[in-house]
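Heads up, the thing below is written out as structure tokens.
The values are calculated or read from the model by the stated rules, or taken from the named source; none is laboratory data. Because the structure is a prediction, the values reported are computed rather than measured. Note: ideal-geometry Cβ built from the backbone for every residue, glycine included; neighbour counts use all protein chains shown. Ligands, DNA and RNA are excluded from the accessible area calculation, which covers all protein heavy atoms including side chains. Shrake-Rupley method; radii C 1.70, N 1.55, O 1.52, S 1.80 Å.
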Amino acid sequence: MDTPNLVNSSSGLIDRFQRRVSYLRISVTDRCDLRCVYCMSENMKFLPRESLLTLEEIIQVGRNFVDLGVHKIRITGGEPLHRRDILKVFRELGELDGLRELALTTNGTQLPKFARELHAAGVSRINISLDTLRPDRYTAITRNGHIERVFAGLDAAQDAGFSRIKLNAVILKNRNHDEI
């Protein structure tokens with residue numbers, strides 16, 4: 001007998017293991033300013049823009065899930081801050097009654113430009129991907145990145161008032177495993 005993946009009950013969304021669903025991740029783009037070796041192939045083929053949800057559709061999905069009992073939404077990508085006019089999504093989701101946490105996963109390179117507006121829009125947590133603390137390794141892993149931009153992003157997030165900043169790292173054998 002097949003069971004649906006999600007069931008809407010009086011207590012909210014329930015998955016097939018009888019767990020209450022309260023957290024939604026929305027990927028808003030597959031594009032990024034970095035080309036990390038574990039994330040993008042050398043010949044990456046991106047989705048056609050018309051295949052992505054519009055900003056209005058992303059907001060509606062978030063609104064619908066909050067109406068169904070979700071109280072935490074994380075915006076991810078690629079690099080979500082490369083999506084044109086993405087602040088509109090953060091502003092509108094940040095105003096939803098019932099949403100307790102609006103979070104962002106980013107590589108941090110765009111935070112000097114967006115951190116204050118994200119904080120004002122209601123983003124309460126930022127996860128920043130940083131796989132090494134060595135500039136040479138960072139450039140090698142990202143194929144083109146400069147670690148100084150991430151450090152500037154961390155500073156911008158702190159200056160904007162974010163108190164919940166988490167660093168994520170992908171550990172790769174023979175690339176950065178010695179930094180654990």
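Miscellaneous remarks
- Solvent-accessible area per residue in the chain equals 58 Å², computed with a 1.4 angstrom probe and all protein chains kept.
- Test item: Cα-centred dipole of the chain, Lys/Arg +1 and Asp/Glu -1 on Cβ, debye: 260 debye
- Taking N as its residue count, the alpha carbon Rg of the chain over 2.2 N^0.38 Å: 1.12
- In Å, descending, principal axis extents of the Cα set of the stretch 135-178: 36, 19, 13
- Straightening the chain between Glu117 and Asp136 buys 3.7 nm, computed as 0.36 nm per residue apart minus the Cα-Cα spacing.
- Folded to 0 to 90 degrees: helix 147-160 orientation relative to the chain principal axis, Cα: 50 degrees
- Mean separation of Cα pairs under 8 Å and 6 or more residues apart, divided by the residue count, gives the chain a relative contact order of 20 percent.
- Over the chain, DSSP H runs of length four or greater, each weighted -39,500 (n - 2.57), average out per residue to a 222 nm ellipticity of -9000 deg cm²/dmol.
- Legend note: in the chain, cysteines whose Cβ sits 4.7 Å or more from every other cysteine Cβ are Cys32.
- Derived from the Cα gyration tensor, the three semi-axes of the equivalent ellipsoid of the stretch 15-97 are 26, 17, 11 Å, largest first.
- Volume per residue of the convex hull around the Cα atoms, evaluated for the stretch 71-120, comes out as 66 Å³.
- Working note: Cα gyration tensor of the stretch 66-165, eigenvalues times five, square-rooted, sorted largest first, giving semi-axes of 26, 13, 12 Å.
- Where Cα atoms sit under 23 Å apart: lysine pairs in the chain separated by 8 or more or lying on different chains: 4
- Highest mean packing comes first when the peptides 66-75, 14-23, 102-111 are listed by Cβ atoms within 10 Å, giving 102-111, 66-75, 14-23.
- The separation of the stretch 110-164 from the stretch 49-102, counted between C-alpha centres, amounts to 20 Å.
- Nearest 10 degrees, 0 to 90: helix 111-121 Cα axis against the chain principal axis: 20 degrees
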